[in-house]
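The values are calculated or read from the model by the stated rules, or taken from the named source; none is laboratory data. Bear in mind the structure is a predicted one, so any value in this text is a computation, not a measurement. In this analysis, Cβ positions are derived from the backbone assuming ideal geometry, glycine residues included, and neighbour counts consider all displayed protein chains. These area figures cover heavy atoms from the full protein model, side chains too; ligands, DNA and RNA do not enter into them. Shrake-Rupley method; radii C 1.70, N 1.55, O 1.52, S 1.80 Å.
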Amino acid sequence: MKNDDNSYTVNQAATLLDTTVATIQLWVDSGKLDSWMSGDQIRIDKKSAFGFFNAIETKGNESSKPTRKSVLIVEDDIDLISLYRMRFKQWKLPIDLRLALNGFVGLVEFGKRKPDLLIADLMMPNFDGGRMLSSLEHEGLHTPTIIITGASSNQISELRSRNEDLLILTKPVDFNMLRRLISTILDVRPVDKE
């Protein structure tokens, strides 16, 4: 039996993928999403859902102009991920958004295509954001990074002492500040959808 901690309900997957429960069910039935039954409930594999999301986002932007910037968000909180997706849509910035559930998946996504901006949580289960940043630094891979964390002020001070160029925002996320930082770092402005 698979671990329910590594899965979503159909409703959670619908929220993540910004679609209906019926569409999730169709994707499960067609084998596009890995799933299993847990009691009387369908569970969707988290890796499968995120892989599907990233494939949808990439496919939807294949014909995009080369001026689009890439943002990789590494976050394990499904509700916060939904907020990020909603805000990025509202901002209408020329950005290709990619998501990763933890630091390890973040490293894999970083390796597939270096993002123009990395936004990461520090505290995540299994492979956290700090470990991901250390791995990237060890490999000599650098990109502008914004850390968004619920860490204590002592932990934040320690992190800043190791890397004074790191931008750190505390949770709850100030989305207005985040939008301004993204616009400034990536030099992007809102565009009207065609």
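Can you tell me which residue within the stretch 81-104, out of those that are of a type outside the set (D, E, K, R) and without any contact (Cβ under 8 Å) to a residue 12 or more places away in the chain, is nearest to residue 180 (Cα to Cα)?
Ranking the qualifying residues of the stretch 81-104, first place goes to 90.
Within the stretch 25-45, count every residue that is open to solvent by 70 Å² or more (accessible area, probe 1.4 Å) and polar (S, T, N, Q).
Let us first name the residues in the stretch 25-45 that are open to solvent by 70 Å² or more (accessible area, probe 1.4 Å), namely 26, 29-30, 32, 34, 37, 39-41.
Now drop any that are not polar (S, T, N, Q), which leaves 30, 41.
Matching residues across the stretch 25-45 total 2.
Which of the residues spanning the stretch 78-108 are within 19 Å of residue 16 (Cα to Cα), surrounded by fewer than 19 Cβ atoms within 10 Å (Cβ to Cβ) and over 12 Å from the mean Cα position of the chain (by Cα)?
The answer is 86, 87, 89, 90, 91, 92.
Restricting to the stretch 116-148, and then to whatever is among the acidic types (Asp, Glu), assigned to a loop (DSSP other than H, G, I, E, B) and under 26 Å from residue 184 (Cβ atoms), can you tell me which residue is most open to solvent (accessible area, probe 1.4 Å)?
Taking the candidates together, the pick is 116.
Condition check ((1) modelled with pLDDT under 90; (2) of a type in the set (Gly, Ala, Ser)) across all residues:
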site: 66; (1), (2): yes, no
site: 78; (1), (2): yes, no
site: 83; (1), (2): no, no
site: 95; (1), (2): no, no
site: 99; (1), (2): no, no
site: 107; (1), (2): yes, no
site: 124; (1), (2): yes, no
site: 130; (1), (2): yes, yes
site: 136; (1), (2): yes, no
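Just one of the numbered conditions (1) at pLDDT 85 or above; (2) open to solvent by 70 Å² or more (accessible area, probe 1.4 Å) is not true of residue 192; which one?
Of everything listed in (1) at pLDDT 85 or above; (2) open to solvent by 70 Å² or more (accessible area, probe 1.4 Å), residue 192 misses just condition (1).
Consider residue 111 carefully, then state whether it is free of Cβ contacts under 8 Å to residues at least 24 places away in the same chain, loosely packed, with under 13 Cβ neighbours inside 10 Å and in a loop (DSSP other than H, G, I, E, B).
Spelling it out, it is not the case that residue 111 is free of Cβ contacts under 8 Å to residues at least 24 places away in the same chain, loosely packed, with under 13 Cβ neighbours inside 10 Å and in a loop (DSSP other than H, G, I, E, B).
In the stretch 7-24, what residues are open to solvent by 60 Å² or more (accessible area, probe 1.4 Å) and either at pLDDT 80 or above or β-branched (Val, Ile, Thr) (or both)? Step through it out loud before you land on a result.
The first filter runs over the stretch 7-24 and keeps only residues open to solvent by 60 Å² or more (accessible area, probe 1.4 Å), leaving 11-12, 15, 18, 20-22.
The answer is 11, 12, 15, 20, 21.
Considering only the stretch 1-53, how many residues are touching a residue at least 60 places away in the same chain (Cβ under 8 Å) and in contact with a strand residue (DSSP E or B) (Cβ under 6 Å, 6 or more places away or on another chain)?
Of the residues in the stretch 1-53, 1 are touching a residue at least 60 places away in the same chain (Cβ under 8 Å) and in contact with a strand residue (DSSP E or B) (Cβ under 6 Å, 6 or more places away or on another chain).
Suppose we keep only residues that are closer than 19 Å to residue 15 by Cβ and either over 9 Å from the mean Cα position of the chain (by Cα) or among the acidic types (Asp, Glu) (or both) within the stretch 67-77. Which one would you say is most open to solvent (accessible area, probe 1.4 Å)?
Only one residue fits best here, namely 77.
Restricting the stretch 149-184 to residues that are over 18 Å from the mean Cα position of the chain (by Cα) and either in a loop (DSSP other than H, G, I, E, B) or in contact (Cβ under 8 Å) with a residue 60 or more places away in the chain (or both), which is surrounded by the most Cβ atoms within 10 Å (Cβ to Cβ)?
151
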